[in-house]
Amino acid sequence: MDKAGYRALRVWLALVVLTLVTYAAGRAGLGGRLVISGLLLSVLIKGQMIADVFMGLKGVRSPWRWMVTGWLLVVVTLIGVAFS
Amino acid sequence: MEAVATHPAVQEKSGLPGDFAIWIFIYAELLVFGVFFLAYAFTRARHVELFNTFQQTLNRESGAINTLVLITSSYFVVMAVNAIRRNAAKRCSQWLVLAILGGGVFVVIKLAEFSAKHAEGVTLSTNTFYMFYLSLTFFHFMHVLMGMVILSVVAVKAHRGDYSAEEHTGVETGASYWHMVDLVWIVLFPLVYVLH
């Protein structure tokens, strides 16, 4: 496997771990501001990893990459506001 | 012909993988899903008890498994793009078939989930939570089906040898759409199934 393949594999593993953490939090019935903030932060991280590595936007010139990052930031922040 | 002729220049300028037009579509789709997510979140803020109560009736395991299936399928698509960049067209096609199978697993699990809710008598008009749950997840479901069709066309073309290391815009275009479907689900799953 080449370098790009290994990078994608690392991102896939990180996405799996963060998804399992999200599921575990839901299964345990965890809620509250701190848990919601943590889960939303993990959504941001997962989304940015998908955009940068899977979609291949990391080296892409502005504003194209930032439009996806901006979408994630706005949506996740406003969801946080609605849940607070 | 003019659009085809100007395409490489547009791609060169933006640096985006795949056809530039798919990115306009992707940004538009993200905008629509974003509005949908925020409508859910702010409507929930006015009906917290209702949303929390009926969220408990969802099959969280199905949602989590489908998340794992989609990110794995997305990984296969990344490998397909890597393969065609090395001029391995047949390998590219094989990775795409795996990605499509992943999409198929997602569809089967989602249909089982919809079917269970239907058997319980749940409809769009049952309550506000279910209205959002059914419409949001069905809207996303349709995108998965559309993505599977796109990937199937790309897989067939790759198998026929229509793509190469030098020209594989079609593979990157299909891949970009599939990753968008994955990206949207990454937000949808915690929002609808977990956060309360």
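General observations
- Filter result (over 14 Å from B:Ile26 (Cα atoms) and open to solvent by less than 40 Å² (accessible area, probe 1.4 Å)) within the range A:71-84: A:Val75, A:Val76, A:Ile79, A:Gly80, A:Ala82, A:Phe83
- Positions within the range A:23-42 being in a helix (DSSP H, G or I), under 19 Å from B:Phe54 (Cα atoms) and either at the interface with chain B (Cβ under 8 Å from one of its Cβ atoms) or open to solvent by 60 Å² or more (accessible area, probe 1.4 Å) (or both), in sequence order: A:Tyr23, A:Ala25, A:Gly26, A:Arg27, A:Ile36
- Considering the range B:28-43, and only residues there that are over 13 Å from B:Val181 (Cα atoms), open to solvent by less than 20 Å² (accessible area, probe 1.4 Å) and hydrophobic (A, V, I, L, M, F, W, C), the residue that is farthest from the other protein chains (Cβ to nearest Cβ) turns out to be B:Phe37.
- Of all the numbered requirements in (1) assigned to a helix (DSSP H, G or I); (2) among the hydrophobic types (A, V, I, L, M, F, W, C); (3) surrounded by 13 or more Cβ atoms within 10 Å (Cβ to Cβ), A:Val60 misses one, and that requirement is (1).
- Condition check for B:Val194: open to solvent by less than 30 Å² (accessible area, probe 1.4 Å), more than 14 Å from chain A (Cβ to nearest Cβ) and not hydroxyl-bearing (Ser, Thr, Tyr): no
- Residue check for B:Thr67: touching a residue at least 40 places away in the same chain (Cβ under 8 Å), of a type in the set (Val, Ile, Thr) and open to solvent by less than 10 Å² (accessible area, probe 1.4 Å): yes
- Any hit, the range B:101-123, residues being in contact with a Leu (Cβ under 9 Å, 6 or more places away or on another chain), open to solvent by 30 Å² or more (accessible area, probe 1.4 Å) and modelled with pLDDT of 95 or more: yes
- Figure legend. Inter-residue proximity from the range A:54-83: first residues more than 8 Å from chain B (Cβ to nearest Cβ), second residues in a loop (DSSP other than H, G, I, E, B) and open to solvent by less than 80 Å² (accessible area, probe 1.4 Å), beta-carbon distance below 6 Å, spacing 6+ or different chains. Indicated pairs: A:Arg65/A:Leu57.
- Output for the range B:73-95, where each listed residue is at the interface with chain A (Cβ under 10 Å from one of its Cβ atoms) and in contact with a helix residue (DSSP H, G or I) (Cβ under 6 Å, 6 or more places away or on another chain): B:Ser74, B:Tyr75, B:Phe76, B:Val77, B:Val78, B:Met79, B:Val81, B:Asn82, B:Ala83
- Cβ separations smaller than 7 Å between residues 6+ apart or across chains give the following pairs from the range B:133-161 residues that are free of Cβ contacts under 8 Å to residues at least 40 places away in the same chain to residues that are open to solvent by less than 10 Å² (accessible area, probe 1.4 Å): B:Phe141/B:Lys110; B:Ile150/B:Gly174; B:Ile150/B:Tyr177.
- Flag if B:Ala89 is of a type outside the set (Ser, Thr, Tyr), free of Cβ contacts under 8 Å to residues at least 40 places away in the same chain and buried (at least 16 other Cβ atoms within 10 Å of the Cβ): no
- Output for the range B:162-191, where each listed residue is open to solvent by 10 Å² or more (accessible area, probe 1.4 Å) and of a type in the set (Asp, Glu): B:Asp162, B:Glu166, B:Glu167, B:Glu172
- With respect to (1) open to solvent by 10 Å² or more (accessible area, probe 1.4 Å); (2) of a type in the set (Val, Ile, Thr); (3) within 22 Å of B:Ser115 (Cα to Cα), the lone exception for B:Val156 is condition (3).
- Residues of the range B:73-86 satisfying the condition of being in contact with a Phe, Trp or Tyr (Cβ under 7 Å, 6 or more places away or on another chain), polar (S, T, N, Q) and either open to solvent by 70 Å² or more (accessible area, probe 1.4 Å) or without any contact (Cβ under 8 Å) to a residue 40 or more places away in the chain (or both): none
The values are calculated or read from the model by the stated rules, or taken from the named source; none is laboratory data. Quick caveat: nothing in here was measured; it's all calculated off a predicted structure. Methodologically, a virtual Cβ is constructed for each residue, glycine included, from the backbone with ideal geometry; neighbour enumeration extends over all protein chains shown. All accessible areas refer to the heavy atoms of the entire protein, side chains included, with ligands and DNA or RNA removed. Shrake-Rupley method; radii C 1.70, N 1.55, O 1.52, S 1.80 Å.
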